[in-house]
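Asker: Starting off with a structure, shown below.
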Amino acid sequence: MVLEEKVATPDQLQEQAARILHSEQFRSSEVLRRLLSFLMEKAVAGEADNLKEYIVAIDGLGKSPSYDPQHNSAVRIQMGRLRQRLGEYYRAAGQDDPILIDLPKGRFRLTFEQRSIANFPHTETTPRFSIPSTQPPAPALLPPLQSTGRDLRRRGVYLLAAVLVLASGYALGHYEGARQISGARQNTALEALWAPFQANKLPRIVSIEDPLFAEIRSNPGVYFRDRSMNEWSDMTTSPTLRGLTSALKQPDIRPSRYYTAFGEAESSFLLGGLLGNHDHPISVIRTSQISWQQLADNNVVFVGVQNLFFNQLRNLPIAPQLVPELNGVRDERPPPGQPSFYADEYITAPSEQGKIYALVTHLPGPNGKNDIESFTSNRSAGYLGAVQSFTDPQFARLLESKMKVATGGRIPQFYQVLFQVSYRDSVPTEIKLVLWREMH
């Protein structure tokens, strides 16, 4: 049946569209993502009945005004592809989704159907966004996960035998995804979330994590990492590192930051597509190289592991209430009935998976004239999931509406948002909003 307004709200339809747009079936096709987003917006606005092929071509596919439906079949071809791709999605990742979105042949209007999900097995293969109507306690965590890899990580010690090299092929492969995010710049909810970064002419910087490693000088490519240490003076006095170099009989070590994670790379690509343009370019800088003066003179977005940046954030005009730690996030001012600590639960072998907390913090710069926003988590899947949430048009609408309810019809100027991200093989599969907090 066609879904009536009393059955599904606009927020529910947009949430379903967000699932589809982030699925494997749609992630690689900018054209189909743009087309589905356009048709969904028209459906939610009640304007789908007025759609004609020419309007879909110009507004939905970005064709030139000279498009002639009599001599050009581009719209009909893409409609057929969209219909086919929707079918593929619901046969795979969307098989247990509560709302079925379809595109009947010969029509430009999406239809919506409620489905009984009792007979569908749950398959967690695509990111799912969810927002509670109120601010509840933290979601139930996974039971403790035991592994040798996790035990080592909880001690903060890493021994790496290789360095991640980011090839230019990655950027080329994700070019269409960034263009899709850039094309969504006109989304009003995204504009509201990112208004402080768009309103002034200050330069924009994306600062990505480049954690400190100790390289065994006589064995290039062999590295040591202690997550609790990011200053070389601390590293050289580490008892663990001294014991390691003594056991290897290799006392000669040197600092190295020749590393970045996949999550930082993909996050910076999404943010660059959203915030950058020819008139107002955006630059990328390593966190170890950013100065206090740059924090005062630029709008800065930071992406990475929490403890690399929060020492500087603590010196800003507003002190964060949610504070990251090595194994979770601490709430220094928990409301009655809510936990004071949100603990991460994950394993690293044989694959990266679990549930991780991600924290978004928006604060003023040192002199109060600029804005700083950080996306932080203890695993790259966490902050990647948070960035996906803040650059996704559908989810931005939901987040905007919930924040406005909590603050009397406006988005707070300064705030913190806590997400819980479920992931597998380092890929976010579900993103839950745990709480948000306005700061003054």
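None of the figures in this text is laboratory data; all of them are computed from the coordinates on show. All values reported here derive from a predicted model rather than from experimental measurement. Quick reminder, even Gly has a Cβ in these numbers, built from the backbone with ideal geometry, and neighbours come from all protein chains shown.
Asker: Per-residue counts of other Cβ atoms within 10 Å, averaged by peptide: what ranking do you get for 386-394, 364-372, highest first?
Answerer: 386-394, 364-372
Asker: Taking H as built 1.01 Å from N, whose amide H comes closer than 5 Å to the amide H of E430, not counting residues under 5 places away?
Answerer: Result for E430 returns R128, S422.
Asker: Between the range 360-393 and the range 247-284, what is the C-alpha centre distance in whole Å?
Answerer: 15
Asker: Applying the Karplus parametrisation 6.51 cos²θ - 1.76 cosθ + 1.60 with θ = phi - 60° to the phi angles of the range 220-226, what ³J(HN,Hα) value in whole Hz is obtained for each residue in order, glycine and proline being reported as x?
Answerer: x, x, 9, 10, 10, 9, 10
Asker: R0 = 35 Å: FRET efficiency of Q321 with E231, Cβ-based, nearest 0.05?
Answerer: Once rounded, the FRET efficiency stands at 0.85.
Asker: Right, next: Under the Karplus relation 6.51 cos²θ - 1.76 cosθ + 1.60, θ = phi - 60°, what is the ordered set of whole-Hz ³J(HN,Hα) values for the range 319-327, x standing for Gly and Pro?
Answerer: 7, x, 8, 9, 10, x, 10, 5, 10
Asker: Another question about this same structure. Leaving out same-chain residues fewer than 8 places away, which lysines sit with a Cα under 22 Å from that of K369?
Answerer: Straight-line reach from K369, under 22 Å: K201.
Asker: Another question, if that's okay. Pull up the cross-link candidates among the lysines for K52, meaning alpha carbon to alpha carbon under 27 Å and not fewer than 8 places away within one chain.
Answerer: Of all the lysines, those that pass the test against K52 - Cα under 27 Å, at least 8 places apart if same chain - are K6, K42, K63, K105.
Asker: While we're looking at this one, here's another question. Through the Karplus equation 6.51 cos²θ - 1.76 cosθ + 1.60, θ set to phi - 60°, convert the phi angles of the range 59-65 into ³J(HN,Hα) values in whole Hz; use x for Gly and Pro.
Answerer: Once rounded to whole Hz, the list reads 8, x, 10, x, 6, 6, x.
Asker: Please list, ordered by chain and number, the residues whose modelled amide H lies under 5 Å from the amide H of G365; skip anything fewer than 5 residues away on the same chain.
Answerer: Residues meeting the amide H criterion: N370, D371, I372.
Asker: Please list, or write none, the aspartates and glutamates whose alpha carbon is within less than 16 Å of the alpha carbon of K432, excluding same-chain residues fewer than 8 places away.
Answerer: Here the aspartates and glutamates satisfying the reach criterion relative to K432 are D11, E15, E124, D344, E345, D392, E400.
Asker: Once you have a ≥ b ≥ c as the square roots of the Cα gyration tensor eigenvalues for the range 213-256, tell me rounded if a/c is under 1.5, and otherwise prolate or oblate according to whether a/b is larger than b/c.
Answerer: Verdict is oblate for the range 213-256.
Asker: If packing is taken as the mean number of other Cβ atoms within 10 Å per residue, what is the order of 344-352, 94-102, highest first?
Answerer: The most tightly packed comes first, giving 94-102, 344-352.
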